[in-house]
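The values are calculated or read from the model by the stated rules, or taken from the named source; none is laboratory data. Bear in mind that the values here come from a model prediction, so they are computed numbers and not experimental data. Cβ placement follows ideal geometry from the backbone for every residue including glycine, while neighbour counts extend to all protein chains displayed. Heads up: the accessible areas ignore ligands, DNA and RNA and are worked out on the full protein's heavy atoms, side chains in. Shrake-Rupley method; radii C 1.70, N 1.55, O 1.52, S 1.80 Å.
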Amino acid sequence: MADHVPPRSNAENPPVTISVYRRILPGREAAYEEWIRGISEVASHFDGQQGINILRPSEQTGGRYVVIYRFDTYEHATAWENSPVRTEWIAKLEGITDGEPDRESATGLEVWFDLPEAPRPTQPPRHKMAVVLIAVIFALVFALQLLLGPIMTGLPRWSQTLIIVTIQVLAMTYLIMPVITMLLKAWLFRKKG
C-alpha cells in the first residue's frame with residue numbers, strides 16, 4: 001500500500017491530520033519506540049508541522065501503534081509525505097513492523113474538532129460543529145472588533161478585515177478550538193443511544 005495523502009485540488013489548502021496505524025513484530029517494541037522518537041524529531045522541523053501524537057497499543061487502537069501527524073496545509077503535509085528523509089525513515093521499519101500500515105487523513109474544519117487521544121480522526125456531527133463554530137466565531141470576531149476597531153480606524157476596511165480574520169483563524173486553530181473541543185467533547189462526540 002502506498003503511503004500518501006490523497007490528492008486534492010490546488011484551490012483547497014486546509015489543515016491536514018494524518019493517522020498511521022502499525023502492528024509491531026513481537027519483541028520489537030523498543031526498536032519501534034526508538035524509531036518514533038527519531039522520526040518525530042525529523043518531522044518536527046518540517047514547514048507547517050503542528051504536532052505529533054503517539055498512541056500506544058491498547059484495546060482502543062486495536063493493539064496497534066498510532067502516529068498522528070498534523071500539518072497546517074495540504075502542501076506541507078504532501079512535502080513531508082514525499083520527502084526523501086521520510087522515505088529513509090520508513091525504510092528503517094524493515095524487521096520492526098508487521099505488514100503494511102493503515103492510514104487515514106482528515107482535512108478542513110473537522111481538524112478544529114480533533115481529539116488527540118482518539119485513535120482515528122474523529123469528527124462530531126456537522127450540525128454540532130456548525131453550532132459551536134457560529135458561537136465561537138461570533139464571540140471572537142465581535143470581541144476583536146471592539147478591541148481593535150479603535151486602533152485600526154485609519155486603515156482601509158480590507159486591511160482591518162484581514163487583521164481580524166488572521167487573528168481569528170490563528171486563535172481558533174491554536175488556542176480556542178482545542179480547549180472548546182475538550183470542554184464540549186461529551187456533547188460533541190456523544191453517540192446516539
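Data for the structure
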item: Identity of the residue in segment 149-166, among the hydrophobic types (A, V, I, L, M, F, W, C) and open to solvent by 90 Å² or more (accessible area, probe 1.4 Å), that ends up nearest to the chain's Cα centre (by Cα); result: LEU162
item: Segment 148-173: number of residues that are of a type in the set (Ser, Thr, Tyr) and in contact (Cβ under 8 Å) with a residue 60 or more places away in the chain; result: 1
item: Close pairs (7 angstrom Cβ cut-off, 6 or more residues apart or separate chains): without any contact (Cβ under 8 Å) to a residue 24 or more places away in the chain in segment 33-57, surrounded by 15 or more Cβ atoms within 10 Å (Cβ to Cβ) and outside any strand (DSSP E or B) anywhere; result: ILE52/SER40; ILE52/ALA43; ILE54/ILE36
item: Residues that are among the polar types (S, T, N, Q) and not in a helix (DSSP H, G or I), drawn from segment 55-91; result: SER58, GLN60, THR61, THR73, ASN82, SER83
item: Sole exception among (1) more than 30 Å from THR166 (Cβ to Cβ); (2) free of Cβ contacts under 8 Å to residues at least 40 places away in the same chain for ALA79, by number; result: (1)
